[in-house]
Amino acid sequence: MNIYRYIPSPDIAAYCEKIGHVFNPLEMAVIVAMSGKAIKEKHAAWQKITEYPDMPIRGNSLFKARESLHSYLRELIAYEEKQIEVFYASADNVVCRYEVKRMNERKWSDRGHGVYSSVDKAWAAWKSEYGDSKNIAKVRIQKEQLDSKNDNYYAATMNTGGDLLDITLYGTISKKDKPDDLGSIFIHLPVPFEKGDLVTNEDGKPCVLEGIPHWNNVWLKYEDYVSGKIGSGYDMMGSYYFIAKHEDSRLFRDRGRSCDLWQMRFFTDELIGRDRFLKSLSQYIKTEDKCGNIDGLIAMFLKYKAEDEFMNIKKLDKWYLDPAQRRDSLDMDQCTILIDDWQMQCCGEPFKIDDIVNWLAVKWNKNDWSCNIDVVDVGTIDYYYEHHSSEWKKLFKITGKIKQIQTLYCKFKPDPKDPTGRWQIRTSWKSHLAESADGWEANIGEYRLDGYVVILENVKIAPANKTEVTFDN
């Protein structure tokens, strides 16, 4: 059995195979549990492990000791198969919902509209809404009983092909007859990482590794983790430094499930913007003699932060103001465009995540979006989609790949300043992330479709030519 292919981190898997590290049957069972493979594949692997010599399972604060690994694995397989049977079985008075998880995101970002009477119908609904998107990593369906006094419900995670990855029963009696979680067992997992390495996790963001349990300290010994004397499998994580993406750009040290050792790998992409500082920090941490280096490190951090915050702004402003500069196109990592629903309904073409679009737009001015725009808080807007103005000298041609679509819904009331009653003003709003847009999305109760906030990446911006503006006011 090639256990290395079950290790989620490709760098850790390659390292363990390179050094020929041998895992015992219990460690193999834990690796399979943490692999992220489909349940069917995990069950087959655990069944294979029962052909290896049996051994006891050491206990810890979260896992009760067992005399036989084999009997535990058979019990776990039988339990999960029973839960799967109940989850997929047809039943009266049940309600199902779905939500999706996008690529390179830790959180479940989108809950689908509506409720459904079966798992199959919930699955069909998500496929109808998101099926063509390559940006979806996982789907989770929740199933619960109506008209019931208990609060139990099932949550099953699947990949986009429909393979079941995990199933969990939640609620007051969810732990009844449930075997303890293999993920709560700490095992020795050899890693190729060293203190100060540039690493990343499942979200792909760069950070500098500061510590993992392998590196003993005076108070907590690594062998005590492995023996189960202290801690649990949830201590298989690291601590690292990263730079926050919000305005203050502070350097943070983090330790938690976001630093999961199972998912850790070397960061090999190019460092961009203020993240360039992480290379200097890595070198600083790896240098044994740090005396006299701290001032230079602080100066380097401030330098990269200033460049990222101000140099790009100056470049952008100069491009807008200098006619000579505007003969050339401007490249940007990303930009945000607001699209009115009426613009889409009149002349717009439907679009979806990952589409490459060529749009005409003007620089954003909140006065262009009338009727009490201040009640809507959607963050920074760079451009306003414009398909009706013939003032071609004010228009820009924007080309980019759609990264995110946020659909806006607003509640309106008559404008008291308008005696005709024709004009309305926004009173409140709500929004949700979407995979596509066509200008005709259904209203949500009293909230009417009002527009879209679209983030483009790999953007190229150029002044519009007169020949490209073919529409009239």
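The values are calculated or read from the model by the stated rules, or taken from the named source; none is laboratory data. Just so you know, these numbers come straight off a predicted model, no measurement behind them. So basically every Cβ, Gly included, is an ideal-geometry build from the backbone, and we count neighbours across all protein chains shown.
Of Tyr153, Tyr79, Tyr130, which residue is in contact with a Pro (Cβ under 7 Å, 6 or more places away or on another chain) and either surrounded by 14 or more Cβ atoms within 10 Å (Cβ to Cβ) or outside the structural domain of Ser431 (by TED's automatic domain parsing) (or both)?
Working: Tyr153 fails: in contact with a Pro (Cβ under 7 Å, 6 or more places away or on another chain); Tyr130 fails: in contact with a Pro (Cβ under 7 Å, 6 or more places away or on another chain).
After ruling out the rest, the residue left standing is Tyr79.
For the stretch 197-213, what are the residues that are surrounded by fewer than 17 Cβ atoms within 10 Å (Cβ to Cβ) and over 19 Å from the mean Cα position of the chain (by Cα)? Residue satisfying the conditions is Gly211 alone.
Without any contact (Cβ under 8 Å) to a residue 60 or more places away in the chain and over 14 Å from Val357 (Cα atoms): is that true of Glu435 in this structure? For Glu435, the condition - without any contact (Cβ under 8 Å) to a residue 60 or more places away in the chain and over 14 Å from Val357 (Cα atoms) - is not met. Of the candidates Glu435, Glu441, Glu386, the single residue that is more than 17 Å from Thr336 (Cα to Cα), modelled with pLDDT of 85 or more and surrounded by 14 or more Cβ atoms within 10 Å (Cβ to Cβ) is Glu441.
Considering only residues in the stretch 83-92 that are over 11 Å from Lys178 (Cα atoms) and either basic (Lys, Arg) or touching a residue at least 12 places away in the same chain (Cβ under 8 Å) (or both), the one that is surrounded by the fewest Cβ atoms within 10 Å (Cβ to Cβ) turns out to be Ser90.
When the residues of the stretch 16-68 are filtered to those that are at pLDDT 95 or above, part of a loop (DSSP other than H, G, I, E, B) and aromatic (Phe, Trp, Tyr), the one that is surrounded by the fewest Cβ atoms within 10 Å (Cβ to Cβ) is Tyr52.
If you go through the stretch 337-364 one residue at a time, how many are surrounded by fewer than 19 Cβ atoms within 10 Å (Cβ to Cβ) and assigned to a strand (DSSP E or B)?
First pass over the stretch 337-364, keeping only residues surrounded by fewer than 19 Cβ atoms within 10 Å (Cβ to Cβ): 342-343, 345-347, 349-350, 352, 354-358, 362-364.
Applying the additional criterion that residues be assigned to a strand (DSSP E or B) yields 352, 356-358, 362-363.
Result for the stretch 337-364: 6.
Surrounded by fewer than 17 Cβ atoms within 10 Å (Cβ to Cβ) and touching a residue at least 12 places away in the same chain (Cβ under 8 Å): is that true of Glu457 in this structure? In short, yes.
Restricting the search to the stretch 365-383, which residues are surrounded by 15 or more Cβ atoms within 10 Å (Cβ to Cβ), modelled with pLDDT under 70 and in contact with a helix residue (DSSP H, G or I) (Cβ under 9 Å, 6 or more places away or on another chain)? Residue satisfying the conditions is Ile373 alone.
Look at the stretch 44-64: where a residue is more than 12 Å from Ala29 (Cα to Cα) and a partner is in a loop (DSSP other than H, G, I, E, B) and among the β-branched types (Val, Ile, Thr), sitting 6+ places away or on another chain with Cβ atoms under 6 Å, you get Phe63/Ile185.
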